[in-house]
């Protein structure tokens, strides 16, 4: 008797597997749907919904501050310096061990790139570099971008770029 029940159960299971989702009742995206109060199948997203392609805060570039630069330096040293080195020339420890060398931040193409370029490269990756979107928060990506700009300025700076009062202090401290 138990055999018959097992056989009937197996047949019912096999019959259920034949159902296709295409055969089930569903609404076309533009036809009216009495299920919803507004009668529409397509519903507006909930306020505050962020698309998957964009993380919250991507478009909001914070104002430049000493705290932002300090955070950028910390994050750059953690995530970027293994390949780009601490000065941004692209001679990091990973490169010295055989990985492809990234471009220097001090070449003209990257000096003239806009800030969004650096943010997007950190977010999406570029060439051999993979995306850091899952590792670095958007605000920290902007901080790293600000720090890259500071690196670029520091490597091309001259004494004339230093404010007059600081220049006098530097010249007084310089060994003769």
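Read the figures in this text as sums done on the coordinates, not as results from a lab. Small disclaimer: the values here were computed from a predicted structure and weren't measured. Every residue, glycine among them, receives a Cβ derived from its backbone with ideal geometry; neighbour counts consider all protein chains shown.
Taking other Cβ atoms within 10 Å as a rough exposure proxy, 13, 41, 158 sort from fewest to most as 158, 13, 41. Fully extending the segment from residue 120 to residue 153, taken as 0.36 nm per residue of separation minus the present Cα-Cα distance, adds 9.8 nm. Residues considered: 25, 63, 47. Largest GNM mean-square fluctuation over the chain, using C-alpha springs under 10 Å, is found at 25.
Apply the a/c threshold of 1.5 to the C-alpha gyration tensor of region 66-156 and tell me whether it is rounded, prolate or oblate. Taking the square roots of the gyration eigenvalues as a ≥ b ≥ c, region 66-156 is rounded.
Ranking 107, 144 by Cβ neighbours within 10 Å, fewest first, what do you get?
Working: 107 13, 144 26.
Ranked by crowding around the Cβ, least crowded first: 107, 144.
Gain on full extension, evaluated as 0.36 nm per residue between residue 29 and residue 3 minus their Cα-Cα distance, stands at 4.6 nm.
Each stretch of four or more DSSP H residues adds -39500 (n - 2.57); spread over every residue of the chain, this sum gives -12500 deg cm²/dmol at 222 nm.
For the chain, what relative contact order do you get, as a whole percent, if you take Cα pairs closer than 8 Å and at least 6 residues apart? Intermediate results must be reported in sequence, preceding the final value.
Working: 129 pairs, mean separation 32.9, N = 176.
Relative contact order here is 19 percent.
Send over the per residue convex hull volume for the chain, Cα only, as a whole number of Å³. So the per-residue Cα hull volume is 295 Å³.
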